[in-house]
Amino acid sequence: MTEFRVKIFGAGSIGNHLCHASRVLGWHVDLCDIDGDALRRAREEIYPSRYGAWDETIGLYHADDAPRGGYNLIVVGIPPDHHVDVAMTALEEEPAALLIEKPICGPGLEGASELLRSIENSPTKSFVGYNHVVGSATKKVEEVLASGTVGV
């Protein structure tokens, strides 16, 4: 059986959660960030405070020095204004799947159309994380709106 490999961009809160979840599944994890201090915080503070100790099997890389290619999953968990650029670069690696944390881009939608075209022309299955559409609160609002009994 081949090893499942995941590369996570973003050493903040979500990156640490996804590192841990991936390791629980036995996956090989490489964590990348453009900020060396963020990588240090992940290793020395965030991850150990949440999960007891740093997992030495997690690879830590400055984003410019991260390995390229051979990943089953690439996760983009960085500030939204940078999602599109990093996602476009990730698609070039042709992972089996790409997960972009919400929101997919900044409020101005810069690059969203280009990213969509790239996704449509890529063999990579792409997803946006944490979608509220299936949540119970959204379902309830949908029911109320469908009933036509909305009042002020």
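Going by the alpha-carbon gyration tensor, a ≥ b ≥ c the square roots of its eigenvalues, is the stretch 29-98 rounded (a/c under 1.5) or, if a/c is not under 1.5, prolate (a/b greater than b/c) versus oblate? In terms of gyration-tensor shape, prolate. Magnitude of the charge dipole for the stretch 15-151, about its Cα centre and with charges confined to Cβ atoms of Lys, Arg (+1) and Asp, Glu (-1), is about 620 debye. Considering only MET88, LEU73, LEU25, and ranking their Cα positions along the charge dipole of the stretch 1-131 that arises from unit charges at the beta-carbon of Lys, Arg, Asp and Glu, the one farthest toward the positive end is LEU25. Working ranking of peptides 15-22, 91-98, 34-41, 49-56 by packing, defined as the average number of other Cβ atoms within 10 Å per residue, highest first, is 15-22, 91-98, 34-41, 49-56. Here the sum of -39500 (n - 2.57) over DSSP H runs of 4 or more residues, divided by the residues of the chain, equals -10000 deg cm²/dmol at 222 nm, to the nearest 500.
Please report, as a whole percent, how much of the solvent-accessible surface of the chain comes from carbon and sulfur atoms (probe radius 1.4 Å). Using a 1.4 Å probe with all protein chains present, the chain comes out at 57 percent carbon and sulfur. Solvent-accessible surface (1.4 Å probe) assigned to LYS140 amounts to roughly 120 Å². Would you mind classifying the stretch 1-134 by shape? Square roots of the alpha carbon gyration tensor eigenvalues, ordered a ≥ b ≥ c; an a/c under 1.5 is rounded, otherwise it is prolate if a/b is larger than b/c and oblate if not. Prolate, because a/c is 1.5 or more and a/b exceeds b/c.
Entry comment: accessible area of the chain is 60 Å² per residue, from protein heavy atoms only and a probe of 1.4 Å.
The values are calculated or read from the model by the stated rules, or taken from the named source; none is laboratory data. From a predicted model like this one, the values you see are computed outputs, not experimental measurements. Using ideal geometry, Cβ is built from the backbone for each residue, glycine included, and neighbour counts are taken over all protein chains shown. Ligands, DNA and RNA are stripped out before the accessible areas are found, and what is left, the full protein with its side chains, is counted by its heavy atoms. Shrake-Rupley method; radii C 1.70, N 1.55, O 1.52, S 1.80 Å.
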